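Asks: Can you keep this structure in mind? I'll have questions shortly.
All of the numbers you see were taken from the coordinates with simple rules; none came from a lab. Because the structure is predicted, anything quoted here is derived from the model rather than measured. All Cβ positions, glycine included, derive from the backbone under ideal geometry; neighbour counts span all protein chains shown.
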Amino acid sequence: MNPLRIQATAKTPEVLLDPSNNIFEIKGKSVPEDADAFYNLILKWFDDYVVQPNESTLLRVDLEYFNISSSKRLLFLLYKLNELQARGADVKIQWFYSEADEDMFEVGQDYAFMVKIPFQFVEREAELELAS
């Protein structure tokens, strides 16, 4: 399956979905003017992916900010991964947040409650300290 790479813009996140290297990341800011147009490509890619997924899928979500329309599309994506997990696949989410952004942490907790996928919450500053 071909990877999906979308470069970040001022309004859209960087997306890297590369099953051959087991990399699944959405990172940056998500405030597209047309969330349907932006996320439909990602959702369609995942429709194809779930037909022949990797044994293990770890989606890293590292968004600084996203708007309501992006929030809805992210939930659709999590539902697709939830279906994959329900079929026996190993699926996990790493949800990144800043210590100063309690809202982003709480949104991640809300998503974790809505799906049956294990979430790991990673504080960005803590990750930087581990890397040094």
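Asks: Might you check whether a residue that is closer than 21 Å to ARG5 by Cβ, without any contact (Cβ under 8 Å) to a residue 40 or more places away in the chain, of a type in the set (Gly, Ala, Ser) and surrounded by 12 or more Cβ atoms within 10 Å (Cβ to Cβ) occurs anywhere in region 28-46?
Replies: Yes - at least one qualifying residue is present in region 28-46.
Asks: Is at least one residue of region 64-79 farther than 25 Å from PRO3 by Cα, out of contact with any Ser or Thr (no Cβ under 6 Å at 6 or more places or on another chain) and touching a residue at least 24 places away in the same chain (Cβ under 8 Å)?
Replies: Among the residues of region 64-79, at least one is farther than 25 Å from PRO3 by Cα, out of contact with any Ser or Thr (no Cβ under 6 Å at 6 or more places or on another chain) and touching a residue at least 24 places away in the same chain (Cβ under 8 Å), which makes the answer yes.
Asks: Can you name every residue in region 1-27 that is without any contact (Cβ under 8 Å) to a residue 40 or more places away in the chain, part of a loop (DSSP other than H, G, I, E, B) and crowded, with 17+ Cβ neighbours inside 10 Å?
Replies: Within region 1-27, just THR12 meets the criteria.
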